[in-house]
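K.L.:
After the structure tokens below, expect a handful of questions from me.
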Amino acid sequence: LLREPSRRRLPHDAPRRAEILAAHAAAVARDHACYLDPATGYAVMTATALLARGSCCGLGCRHCPYLR
């Protein structure tokens, strides 16, 4: 499972990147399907939840495990 999202989806210089990665890691550890983005408050699906879908939906999900 991807530990970090693609640079296209979350660049290394993105504001609040460390908070976003920590929120994602906490959600994955708790087996939650999503977490609240620290910057926007929007729900963001975890890589685990996206992997369970079985394929990429093409919507540009931040933690897409199918992105290459």
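K.L.:
Which pairs do you get when a residue that is under 12 Å from residue 63 (Cβ atoms), found in the stretch 28-43, comes within reach of a residue that is assigned to a loop (DSSP other than H, G, I, E, B), reach meaning Cβ atoms under 7 angstrom, with the pair 6+ apart or on two chains?
P.N.:
28/46; 33/46; 34/46; 35/46
K.L.:
Here's a follow-up. Would you tally the residues in the stretch 29-55 being open to solvent by 90 Å² or more (accessible area, probe 1.4 Å) and either under 13 Å from residue 10 (Cβ atoms) or of a type outside the set (A, V, I, L, M) (or both)?
P.N.:
Residues that pass the stated criteria total 5.
K.L.:
If you don't mind, another one. With the requirement that a residue be outside any helix (DSSP H, G or I) and among the polar types (S, T, N, Q), what does the stretch 36-64 give you?
P.N.:
Those that are outside any helix (DSSP H, G or I) and among the polar types (S, T, N, Q): 40, 46, 55.
K.L.:
Name the residues in the stretch 44-68 that are free of Cβ contacts under 8 Å to residues at least 60 places away in the same chain and aliphatic (A, V, I, L, M), would you?
P.N.:
The answer is 44, 45, 47, 49, 50, 51, 52, 59.
The values are calculated or read from the model by the stated rules, or taken from the named source; none is laboratory data. Source: prediction; values computed, not measured. Cβ coordinates were reconstructed from backbone atoms using ideal geometry, including for glycine residues, and neighbour counts include every protein chain displayed. Keep in mind that these areas ignore ligands, DNA and RNA; they rest on the heavy atoms of the full protein, side chains included. Shrake-Rupley method; radii C 1.70, N 1.55, O 1.52, S 1.80 Å.
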